[in-house]
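Asks: Questions regarding the structure given below will be posed in turn.
What follows is calculated from the coordinates using simple rules that are stated; it is not laboratory data. Note that the coordinates shown come from a computational prediction; the quantities given were computed from them, not determined experimentally. A quick note on method: Cβ atoms are made from the backbone with ideal geometry, for glycine too, and the neighbour counts reach across all protein chains shown.
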Amino acid sequence: MTRLLDVENLTLQFDTDEGRITAVDDVSFSIEQGQVMGLVGESGSGKSVTAKSLMKLNARNAVYGPQSRIILHLDDGPVDVMTLRSAREMQLVRGGAISMIFQEPMASFAPAITIGSQMVEQLLIHTDMNKKQARELSIEMLARVGISDAARRFDQYAFELSGGMRQRAMIAMALSTRPRLLIADEPTTALDVTIQAQVIDLMKDLVAEFGMAIIFITHDLGVIAQTADTVAVMYLGRLVEQGPVREVIRTPAHPYTRGLIAALPDLENLDKPLTPVPGDIPSPLERPTGCVFNTRCSVAIEGRCQHEVPQFMQLDDHHRVACHLAARERGAA
Amino acid sequence: MSDRALITTRNLSVHYPLRGGLIGPRQVVRAVEGVSIEIPAGHFFGLVGESGSGKTTLGRALLRAAPITHGEVIYDDGEVRYDLAAIDKAALKDYRSRAQLIFQDPYAALSPRMTVRDIIAEPLEVMGLTKSRAETDERVREIATMCRLNLEHLRRFPHAFSGGQRQRISIARALVSRPRFVVADEAVAALDVSIQADVLNLLRSLQKEMGLTFLFISHDLSVVAHVCDHVAVMYLGRLVETAPTRQLFARPRHPYTRALLSAIPSLDPDDRGRTRRLEGEIPSPTDPPPGCKFHTRCPYATDRCRAEEPELEDAGDGHNVSCHRWRELGEELAMD
Ligand SMILES: Nc1ncnc2c1ncn2[C@@H]1O[C@H](COP(=O)(O)OP(=O)(O)OP(=O)(O)O)[C@@H](O)[C@H]1O
Ligand SMILES: Nc1ncnc2c1ncn2[C@@H]1O[C@H](COP(=O)(O)OP(=O)(O)OP(=O)(O)O)[C@@H](O)[C@H]1O
Ligand code: SF4
Ligand code: SF4
Ligand SMILES: [Mg+2]
Ligand SMILES: [Mg+2]
């Protein structure tokens with residue numbers, strides 16, 4: 001396997017009227033070429049802002065921690081995204097090496113420009129195609145993602161398409177520049193299940209064909225189980241568990257991951273009681289000290305979890321967890 | 001649990017006129033078309049179907065909050081019996097206290113300027129169901145306790161609360177008038193999984209304690225499978241299948257129900273099957289196809305399906321299904 005991306009000690013805070021809030025706290029992970037990484041976590045846990053950091057796309061009030069490094073391994077050598085400044089430099093990643101399908105569907109397409117002109121414009125910036133070639137490729141990509149009558153759709157606006165169609169068009173646009181990494185932020189959440197299934201199949205086919213890596217952000221562990229090779233679990237801005245999708249879903253090690261799975265209705269087992277994770281997600285203004293999960297953790301260790309931030313521990317080569325109890329069970333503490 | 005129907009609809013249709021152009025025929029959206037359904041008293045009745053299939057519209061028609069274009073809706077709780085299409089003003093006022101709605105969005109539903117106490121008390125005051133402030137307070141405290149709300153919080157404003165707590169406040173508000181019938185429209189859709197389970201458990205326990213009849217609308221079939229005892233499936237304004245939950249999930253009789261079930265992503269990473277995927281999208285309700293509304297996407301469609309609309313029939317085992325071919329397709333559709 002060849003390394004594509006290393007995120008090291010990513011910390012991100014936002015200046016707000018109510019003070020400086022921490023949205024991402026010392027997050028590190030890596031992605032190999034062609035790998036699909038699922039990113040799950042509750043709403044507000046920092047999934048979208050982590051993803052946007054990879055292209056430095058966060059709002060102006062974002063303050064990155066000084067230790068944060070985002071290293072992209074490109075053919076011409078490694079690039080640290082954090083050090084890119086000018087719009088020209090940023091083009092290397094934005095829409096170049098990395099493409100993103102945004103959670104807010106309208107954020108990906110400008111409302112007043114046709115889908116086709118946006119696709120062509122991207123290609124003119126990021127490739128050395130001429131206008132005619134860009135147009136041909138765009139129509140081909142639209143057809144490739146299953147949009148019938150692609151030449152006509154090319155001249156339409158995003159609002160004229162149904163939800164499933166728009167999602168396909170976004171995927172076509174994101175992939176037309178052949179990025180090395182595609183970030184898909186909740187790409188199927190707003191879709192009906194039958195359409196979601198179509199889009200998931202499409203994304204699998206495209207990974208097989210184009211071989212790019214994907215960060216797949218979703219609330220839905222079922223979607224992760226169906227698409228991802230590895231999964232990273234976030235809670236209140238921290239990565240709490242990471243590993244191969246089979247191991248994390250079958251033998252979750254972090255109490256939050258376990259809680260998430262216990263709370264999930266499972267069609268295979270209708271008698272399973274639905275067990276909620278107790279309590280509520282704390283506000284980012286009241287981040288718990290010690291382990292961020294300690295206010296809801298039913299197995300927290302008195303006197304330790306409230307004070308000491310758990311560090312990551314390897315359970316095996318690829319599966320790791322940040323929890324004092326898991327470490328103690330392992331006899332490592 | 002008794003099997004007397006609390007709600008019965010016969011051939012219920014809800015049509016919305018579309019603001020059409022100056023030329024051409026005036027169009028209507030057939031949001032609900034010819035639905036005949038019985039919701040037995042004391043049931044937790046699920047209603048599923050894809051976006052635009054008419055779930056919200058049907059739920060609202062049962063609350064007399066959407067226009068009833070054709071057909072009948074009968075509410076009968078043993079104490080009173082109302083024909084909702086012909087109900088008069090006084091009876092409607094009484095019906096409002098017997099039938100309530102819980103909304104999807106716990107952030108939008110609560111007025112930010114009212115305290116939690118006032119939010120919960122409002123229906124009692126508007127409907128004049130209590131005689132004194134003391135009685136109102138008593139009812140508010142009682143329902144708040146049942147919804148596991150902290151009584152100290154009654155004086156606060158809703159912005160101080162998280163999604164799960166807000167949804168408990170909305171539930172308390174809907175139940176304070178002691179309704180018999182509750183429509184919960186995507187009541188947990190906006191909540192995180194870790195919180196959702198808590199609200200689902202609360203709804204189930206309230207249903208048992210208060211003897212409520214629920215119409216639980218959701219696009220999430222796994223949730224419906226866990227909380228509902230009976231499920232109805234809609235497609236393009238039509239009812240395509242109803243059955244007891246376990247029967248529906250084990251032996252769907254309608255090709256659309258089968259397709260919905262196979263589209264749910266499995267939690268098992270080794271089960272990445274992609275069999276029986278539906279092609280295409282749901283047609284527009286302003287221009288529904290002739291014959292069976294599902295024929296444009298159905299892998300089993302025949303010429304008859306394209307010409308003739310199937311009726312809902314009793315298919316045994318508690319199933320009602322609307323498909324010309326349900327008899328032959330039986331084994332083909334069973335979930336393995
Ligand atoms: N520009 C900003 N200013 C202040 N706070 C922000 C800003 N952008 C994001 N945040 C905060 O950062 C935190 C993480 O947000 P993020 O959008 O990454 O969550 P998420 O995990 O993607 O949630 P969801 O599942 O709801 O999409 C939240 O508390 C959010 O309110
Ligand atoms: N007030 C209205 N005026 C015109 N059309 C309407 C109105 N309300 C609903 N519709 C249309 O009726 C159809 C059914 O809508 P409805 O909201 O009942 O669907 P739903 O199954 O609840 O969908 P969702 O899962 O998206 O909530 C849709 O095509 C919708 O656009
Ligand atoms: S570190 Fe402590 S509080 Fe955090 S998840 Fe582990 S046991 Fe629970
Ligand atoms: S009636 Fe025909 S088209 Fe409709 S669901 Fe049955 S087989 Fe399919
Ligand atoms: Mg997000
Ligand atoms: Mg609805």
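Asks: Can you tell me, using C-alpha contacts under 8 Å and at least 6 residues apart, the relative contact order of chain A as a whole percent? Intermediate results must be reported in sequence, preceding the final value.
Replies: Numbers: 590 pairs, mean separation 62.2, N = 333.
Computed over chain A, the figure is 19 percent.
Asks: Next question, about the same structure. How much of the DSSP bridge set in the protein assembly as shown is antiparallel, in percent, rounded to the nearest 5?
Replies: On the way: 58 of 94 bridges.
Around 60 percent antiparallel, to the nearest 5.
Asks: Moving on. Less than 12 Å Cβ to Cβ from A:MET313, Lys/Arg counted +1 and Asp/Glu -1: what total charge do the surrounding residues give?
Replies: Details: positive: A:ARG320, A:ARG328, A:ARG330; negative: A:GLU241, A:ASP316, A:GLU329.
Once all neighbours under 12 Å are counted, the net charge is 0.
Asks: Taking springs between alpha-carbon atoms closer than 10 angstrom, which of B:GLU279, B:GLU33, B:GLU186 fluctuates most in the Gaussian network model of chain B?
Replies: So, out of B:GLU279, B:GLU33, B:GLU186, the one fluctuating most is B:GLU279.
Asks: Shielding of A:255-266 by partners, i.e. mean partner chain Cβ atoms within 10 Å per residue? The partial results should precede the final answer.
Replies: Values: counts 0, 1, 0, 0, 3, 3, 2, 3, 8, 8, 13, 6.
Mean inter-chain Cβ contacts per residue within 10 Å come to 4.
Asks: How high is the relative contact order of the range B:252-336, given as a whole-number percent (alpha carbon pairs under 8 Å, six or more residues apart)? Can you show the working numbers first?
Replies: Working: 79 pairs, mean separation 29.8, N = 85.
Worked out over the range B:252-336, it gives 35 percent.
Asks: Under 14 Å from the Cβ of B:PRO179, count the other residues' Cβ atoms, weight Lys and Arg +1, Asp and Glu -1, and hand me the total. Walk me through the numbers before you get to the answer.
Replies: Details: positive: B:ARG64, B:LYS93, B:ARG96, B:ARG98, B:ARG139, B:ARG173, B:ARG178, B:ARG180; negative: B:ASP77, B:GLU79, B:ASP94, B:GLU209.
Counting the neighbours of B:PRO179, the net charge comes to +4.
Asks: Given points 7 Å out from each Cα along the Cα-Cβ axis, report the B:MET210 to A:GLU18 separation in nanometres with one decimal.
Replies: 3.0 nm
Asks: Suppose every K and R has +1 on its Cβ and every D and E has -1 on its Cβ; what is the size of the dipole of the protein assembly as shown about the Cα centre, in Debye to the nearest 20? Don't jump to the answer; show the numbers that get you there.
Replies: Details: 76 positive and 86 negative charges, 252 e Å.
About 1220 debye.
Asks: Can you tell me the order of A:108-120, A:223-235, A:301-313 when each peptide is scored by its average per-residue count of other Cβ atoms within 10 angstrom, highest first? Display every interim value, and only then the final one.
Replies: On the way: A:108-120: 17.6, A:223-235: 24.9, A:301-313: 14.8.
Ranked from most to least packed, the peptides come out as A:223-235, A:108-120, A:301-313.
Asks: By a straight-distance test (C-alpha under 12 Å), which aspartates and glutamates pair with A:LYS132 as possible cross-link partners, with residues fewer than eight away in the same chain excluded?
Replies: A:GLU121
Asks: Something else: Lys and Arg at +1, Asp and Glu at -1: add these up for the other residues within a Cβ distance under 9 Å of B:THR56 and post the number.
Replies: Details: positive: B:LYS55, B:ARG60; negative: B:ASP185, B:GLU186.
Summing Lys/Arg as +1 and Asp/Glu as -1 gives 0.
Asks: Could you work out, residue by residue across A:220-227, how many beta carbons of other chains sit within 10 Å of that residue's beta carbon, and then give the average as an integer? Each step should come with its number before you reach the end.
Replies: Details: counts 4, 3, 6, 2, 3, 8, 10, 3.
Other-chain Cβ atoms within 10 Å of each residue's Cβ, averaged: 5.
Asks: Oh, and also: Each residue of the range A:24-36 in order: what ³J(HN,Hα) in whole Hz does its phi give by Karplus 6.51 cos²θ - 1.76 cosθ + 1.60, θ = phi - 60°, with x for Gly and Pro?
Replies: For the range A:24-36, the Karplus-derived couplings read 9, 10, 6, 9, 10, 6, 10, 10, 8, 4, x, 9, 10 Hz, x marking Gly and Pro.
Asks: Turning to a different aspect of this structure: With a Förster radius of 51 Å, plug the Cβ-Cβ distance of A:LEU270 and A:ARG152 into 1/(1 + (r/R0)^6) and report the FRET value to the nearest 0.05.
Replies: Values: r = 46 Å, r/R0 = 0.89.
For A:LEU270 and A:ARG152, the calculated efficiency is 0.65.
Asks: With runs of 4+ DSSP H residues as the only contributors, calculate the mean residue ellipticity of the protein assembly as shown at 222 nm using -39,500 (n - 2.57) per run, divided by the residue total and rounded to the nearest 500.
Replies: On the way: 23 runs with 215 residues, N = 669.
Dividing the helical sum by the residues of the protein assembly as shown leaves -9000 deg cm²/dmol.
Asks: So, one more: What is the average number of partner chain Cβ atoms found within 10 Å of a Cβ in B:303-312?
Replies: Mean partner shielding for this stretch: 0.
Asks: Can you find, among B:CYS305, B:SER322, B:MET335, the residue sitting farthest towards the positive end of the charge dipole of the range B:252-336, where Lys and Arg contribute +1 and Asp and Glu -1 at Cβ?
Replies: About the Cα centre, the residue reaching furthest to the positive side is B:CYS305.
Asks: To the nearest Å, what is the center-to-center distance of the range B:57-126 and the range A:157-201, using C-alpha atoms only?
Replies: So the two Cα centres are separated by 38 Å.
Asks: Still on this model: Multiplying the sequence separation of B:LEU129 and B:ASP271 by 0.36 nm and subtracting their Cα-Cα distance, what value in nm do you get? Provide the component values of the computation, followed by the final result.
Replies: Working: separation 142, 0.36 × 142 = 51.12 nm, distance 5.43 nm.
Contour length minus Cα-Cα distance gives 45.7 nm.
Asks: If the reach is capped at under 23 angstrom between alpha carbons, list the lysines near A:LYS47, excluding any in the same chain fewer than eight residues apart.
Replies: Within the straight-line limit of under 23 Å, A:LYS47 reaches these lysines: A:LYS56, A:LYS204.
Asks: GNM, chain A, Cα, under 10 Å: largest mean-square fluctuation among A:THR218, A:THR251, A:THR295?
Replies: Most flexible of the set in this elastic network: A:THR251.
Asks: Next question. If you average 1/r across every pair of different Cα atoms in the range A:185-333 and take the reciprocal, what Kirkwood value do you get, in Å? Walk me through the numbers before you get to the answer.
Replies: Details: mean 1/r = 0.0589 Å⁻¹.
For the range A:185-333, the Kirkwood estimate is 17.0 Å.
Asks: So, one more: Report for chain A the percent antiparallel among DSSP-assigned beta bridges with both residues inside it, nearest 5. Intermediate results must be reported in sequence, preceding the final value.
Replies: Values: 31 of 50 bridges.
DSSP beta bridges in chain A are roughly 60 percent antiparallel.
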